Each structure stands twice: as C-alpha cells, then as structure tokens.
Amino acid sequence: MSQVARSMSDHEAEVWAALDLVCDPELDESITDLGFVEQLDIHGDGSVDVLFRLPTYWCSPNFAYLMASDIYLSVGQLDWVSQVRPTLRDHLFEEQLNVGVAQGQSFRQIFGDDADADIDEVRGKFRLKAFQRRQEVVLRALLAEGIDAADIVAMTASDLEYRPLSDQDAEIQRLRYLSILPAIYFHGPFPCREFAPVGQTIAAKAPAFVDDEARLLTVAGLTERLQMLRSVRLNMEFTGTICRSLLAVRDKAAEVPGSSNTGKLED
Amino acid sequence: MYKAPTGEEYFILDGHTHFWDASPENQRNIHGKQFIDCFYGYHSALSPPEEVWTREQFDKYDAEKMHQDVIVDGHVDMAIVQSTRLKDFYKKGFNTPEKNYELVKKYPERFIVSGAFDPRDGEHALEDIAYQVEAFKCQGMKLYTAEWNGSSRGWKLSDPDAYRCFEQCEKLGIKNIHIHKGPTITPLDKDAFDVNDVDHAATDFPNLNFVVEHVGLPRLDEFCWIAVQEQNVYAGLAVVSAFMHARPGYFAEMMGELLFWLGEDRILFGSDYAIWTPRWLVEKFAALELPDAIKDERGVDLTTDVKAKILGLNAARLYDIDVEAKKAAIAKL
C-alpha cells in the first residue's frame, strides 16, 4: 500500500515537473507559477487528467490552444503515461479545445476557417518575445553590477554560462536566457517549448548577446536595444498584472457562495 | 476643478467613461454575463480596496449615481461617455448612444456622447452616423474592432467600408475617433486589437484625431512607433491609469515612455468609469512624481503644466471646448 502511494506521489511530482515547463506564451511564465493548473488526476491505467483555467472566459483561444497542446506534449513525454487529457474550463471555446487537443488535432483542424494565423507562427512570435524579455533582465542586471557595455557585448555564451548574477530573479532569467538563445541562432519555426530543444546547441564562443536576427550587439546599439526591450517588458508586465489580478479575483469569487462567479460553469 | 492639497488647480476632462446596463435582465446570453464578469474582475483587481463596489452596484447604475461619482465626487468637470452597443450580448445593448444621451439631457454642461458605428453594416452605418450626430449631438465615435457581427469576428480601420464611414464623419463634423486597442481577447487568433490599421487610417484621414484607448497595450512598441509617425494619433490612458494604485512604478515608467514618444500634447486622461471611479485616479495623478531615473533616462518630466494638459486641456482642445468659458458656465450651475 505504502509502495503504491509512494509511486503515485513520484508520478505526481513528475507530472508537476512536466507542467512547470509549460509556459503561458504571452507572459513567458510557467502555468504552474501562474496558478492556472487547478487539478491533477493520475489514474491506474497511466492516464492523466490536467484541469486548467485561464484568467478570463475571453482569453485568446490560440494561447489556450498552445498551453493545452503543450500540456499534452510535455506530460506525454513521461514514459509511464498512457494518455493525457488537458481540460480547460470556464472558457468560451472550452468544448472545441478540449475535444480537439485530446484527439491531437491542430489549431486549424479545431477552428477551421475561423483560424487565420499559422499557430507555429504564433509560437515563433512569442518565442522571440520571451527571448527579448529574458535578455533585458540579464543585460540590465549586468549593467547594474557595473559591467561595461563593451565587456557585455564581448561576452560569449560560455562566459555567460559561468557568470552568475547576484539578483535572484535575474539569475533565474540568466538560465532561462541561455536555454532560449540557441533557438534564436538556429532561427526558423522553433517550438515554443522548453522541453524540446533537441540537438540545438550553439558554440561556446558564440556571442551571448545578439539581436532578434542573431546579429552581434554593438556598444553603440546597446542603448537602442534596451529601449526596444523595455517596451516588450512593459507589454508583458501589463498583461501579466492583468492576468494575475483577474485570476485572483476569479478564484476569490469562486469561493463565495452565491456570487456571480461560482465556478460552476463546467459541465 | 480639482484643487490639489499643494494648491494647483486642474480642469478635468475625463475622456473615457461608460453608462452601462449589464444587469442579468439585460443579458442576452452567457457572453453578456462573462463580459461584465471580466469588467468586474478588472474593477476589483486594480481598484484600491475601499473603492470596490458590490456586484449589484456594478451591474447597473443610474444617471444620478454616475453624476455623483464622476462629477460631484470625482473632481471631473466634463466627461466623454463612450458607446458600445454589443447587442449580440445584451438585449437592449450595453451602453448605447441612446442611453448615454440621458446624461446629456440631464447634465448638458457635463457630458458629451461619443457614438458608435460598425462599418460592416454598409449603407446603414452611414445613416447611423448621421442619425447619432443629429439625435445625440455626438462629437466623437468609439470603435470596437473586435465586436462580433453575424459570422464576422472583427474588422479593421483600414477596411474600405471603414473608410466610407470616416468620410461620413468628416462630412458631418465628427473629429474624434476613439478606438479600443487593448488586451487581446477573442475572436480566435485574429488579432482584432492589432494597432497597425490605425497607421493607415491616420495617414489617410489627417483631419481626424485617432485616440488609441488603452494605448494599444500590450503592443506599446507598435503603438509608439505609429504615434511618432502620425501626429493625429493620441494616447488614451484608460486602464493604464488604474495601474497607479496596484503598480505605481509601472505607471511611472509608462508615463516616461509616452512622454518620450508622443510628448505632453497627445496624452489624454481617462478613468474608464465605472470600471474605476475617477476621484482616486485624479488625486493620485495630480500627486504623482516621476522617479529621477526615468526623468534622467528619458529626459521628460511630469510637471504641473504637463499634468494639466493630460488631465483636461488636451482633450478640451480636441473637443473645441473653451476652458475658461466652460469654467464660468459650470460656476453658474
């Protein structure tokens, strides 16, 4: 009995770890940190149910799709998992998304002609934003530690790998930046998933800081680059604040009996 | 007029308010409920705790309450009331020009109605604009490009049908076009709040003013880029201003950006009432000081003169309001 309970809890930890890797594409933050995952059920047959909820009923379905399909893929990579069923609730398109993702359908298959953009393009776009966001944090942290602009632009990927940052948040972003950097070098339709950068490594001597087209940053170009990166951050912080606040309100409303938002919209 | 504790006086023109009915009786379907739920989420998430209303208050309020909150308690001298019909979600519409006009009838010195049109209605849209100018003395229009209409899930300012509507606006003396460009919501992956269509319309209609409400967030970079090119593009602060309480550092940084890119003459205050009440927004804004780091890096400052422009004088210019004459008229009320 205790053996079973123990293995279940190991499995649970593995699923949570897999979910940690799934990011909200618009915010570049893990869906577990954001509190989107509401419930996890691991069944005896190796199937896994993941119940998740977004801040509003109106959240963009393309982002919802990306998160659902990333949950499907990330958890599905665990060798003991037989099936993953991500379930989105309280969303305008929950029915289409839940059925479609469980059947492994593409965004276009689910929404047909209503789906305009190529979902991989959307992935690539937000991949780039994540790169920009992380780069700004690292650049500003290095400048704050008194490193010269000339020394910063001369850093190689290997230099950055062995250059921990004293600020805790910046240190986390340094590691995340290094993990996303190869995608920028290799360009192309990269999957917006931390867990699938297979075979994509860059030379240790490659510059640590490049622009969106993987061109070397110059000292002169650094100020302008930082200005551009600031806008990207302000955009993401805006959305992040709104999302977190709305989710907190939604959760609170769900706890109050008789409130308009009882959280009873599912099924 | 708002007199700050430090003595400065400001004429306040709130460029973005609403007079809605989202009560359960008026909701047509689940979308109507979820729409006001989302607004209430914004309201309760970003308001200071003492400014949070009950859900019943928020669902529907009358003209007297709005006048009390905005004009009497809110320090606002005049307000633009924006229209958003949303008849697919609400039986009688959400905040229709008809309903908004009640405010003008009751408080003619205080409120101006901004109408609404949907270019996908074709010929009818042109008649609709003329009707609103005649019936509700509309001086501006509020456009909501993500609104559903039949099978359509959104439209663009650069659509030929939209251009015909802008021509009609020019012909009838409408100068101010307010456009909701805010957080991404449905329709699907079509980014109906993408800001690039503003660029085309602003170039082709230099006599119209395009007020981008919510400054296009989360597409600030694209918005600033367009605003630098197009001198008839303005930043509407609704929603952004609400960050003053929960994220003051963020708001200061945002003001630094807007002042740097657009300058002090093209930023308009807006409360987004009833999502937020103007009193605390006006008070906090008047008291705001930009941190030195932002002043130094951006070479901008939020002086009393700049605040006066943002809080009222810029919008007064757009709406041809003679501020001194208006002050005198208000003093006689």
Candidate set: segment B:31-49, residues that are open to solvent by 20 Å² or more (accessible area, probe 1.4 Å) and more than 8 Å from chain A (Cβ to nearest Cβ); chosen: the one farthest from A:E94 (Cα to Cα):
B:P49
Could you list all residues from segment A:207-225 that are open to solvent by 20 Å² or more (accessible area, probe 1.4 Å), on the phi < 0 side of the Ramachandran plot and of a type outside the set (D, E, K, R)?
A:P207, A:L216, A:T218, A:V219, A:A220, A:G221, A:T223
Taking the criterion of being surrounded by 15 or more Cβ atoms within 10 Å (Cβ to Cβ), within 14 Å of chain B (Cβ to nearest Cβ), aliphatic (A, V, I, L, M) and in contact (Cβ under 8 Å) with a residue 12 or more places away in the chain, would at least one residue in segment A:126-140 satisfy it?
yes
Taking segment A:101-125 on its own, how many of its residues are open to solvent by less than 50 Å² (accessible area, probe 1.4 Å) and either in contact with a Phe, Trp or Tyr (Cβ under 7 Å, 6 or more places away or on another chain) or within 14 Å of chain B (Cβ to nearest Cβ) (or both)?
12
Might you let me know whether segment B:118-128 holds any residue that is touching a Pro at 6+ places or on another chain (Cβ under 7 Å) and farther than 30 Å from B:H75 by Cα?
yes
Looking only at segment A:24-41, filter to residues that are in contact with an Asp or Glu (Cβ under 6 Å, 6 or more places away or on another chain) and part of a strand (DSSP E or B); which one of those is modelled with the lowest pLDDT?
A:S30
Against the conditions (1) aliphatic (A, V, I, L, M); (2) part of a helix (DSSP H, G or I); (3) over 30 Å from A:A203 (Cβ atoms); (4) away from chain B (no Cβ under 14 Å), where does A:V81 fall short? Just the number, please.
(2)
Selection from segment B:236-284 of residues that are more than 21 Å from B:H43 (Cα to Cα) and either in contact with an Asp or Glu (Cβ under 6 Å, 6 or more places away or on another chain) or aliphatic (A, V, I, L, M) (or both):
B:M255, B:L258, B:L259, B:L262, B:I267
I'd like the residue in segment A:145-157 that is part of a helix (DSSP H, G or I) and out of contact with any Ser or Thr (no Cβ under 9 Å at 6 or more places or on another chain) and, out of all such residues, is modelled with the lowest pLDDT.
A:A157
Name, by its number, the condition in (1) within 12 Å of chain B (Cβ to nearest Cβ); (2) of a type outside the set (G, A, S); (3) under 30 Å from A:A204 (Cα atoms); (4) surrounded by 15 or more Cβ atoms within 10 Å (Cβ to Cβ) that does not hold for A:I152.
(1)
Given the condition among the charged types (D, E, K, R) and either open to solvent by less than 20 Å² (accessible area, probe 1.4 Å) or not in a helix (DSSP H, G or I) (or both), answer yes or no: does some residue in segment A:11-18 qualify?
no
So for segment B:126-133 (the condition being in a helix (DSSP H, G or I), over 18 Å from the mean Cα position of the chain (by Cα) and polar (S, T, N, Q)), does at least one residue qualify?
yes
Search segment B:1-13 for residues that are free of Cβ contacts under 8 Å to residues at least 24 places away in the same chain and pair each with any residue that is of a type in the set (D, E) when their beta-carbon atoms are under 8 Å apart and the residues are at least 6 apart or on different chains.
B:K3/B:E9
Could you check, for segment B:315-333, whether at least one of its residues is outside any helix (DSSP H, G or I), within 30 Å of B:M141 (Cβ to Cβ), in contact with a Leu (Cβ under 9 Å, 6 or more places away or on another chain) and at pLDDT 95 or above?
yes
I'm trying to understand the selection: among the residues of segment A:158-173, which are open to solvent by less than 10 Å² (accessible area, probe 1.4 Å) and either under 21 Å from the mean Cα position of the chain (by Cα) or at pLDDT below 95 (or both)?
A:A170
Based on this model, can you work out whether A:N98 counts as crowded, with 24+ Cβ neighbours inside 10 Å, under 27 Å from B:C38 (Cβ atoms) and in contact with a Leu (Cβ under 9 Å, 6 or more places away or on another chain)?
no
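The values are calculated or read from the model by the stated rules, or taken from the named source; none is laboratory data. Fair warning: this is a prediction, and the values are worked out from it, not measured in the lab. Here the Cβ is made from the backbone with ideal geometry for all residues, glycine too, and neighbour counts use every protein chain on show. Quick note on the areas: whole protein, heavy atoms, side chains included, nothing else; ligands and nucleic acids left out. Shrake-Rupley method; radii C 1.70, N 1.55, O 1.52, S 1.80 Å.
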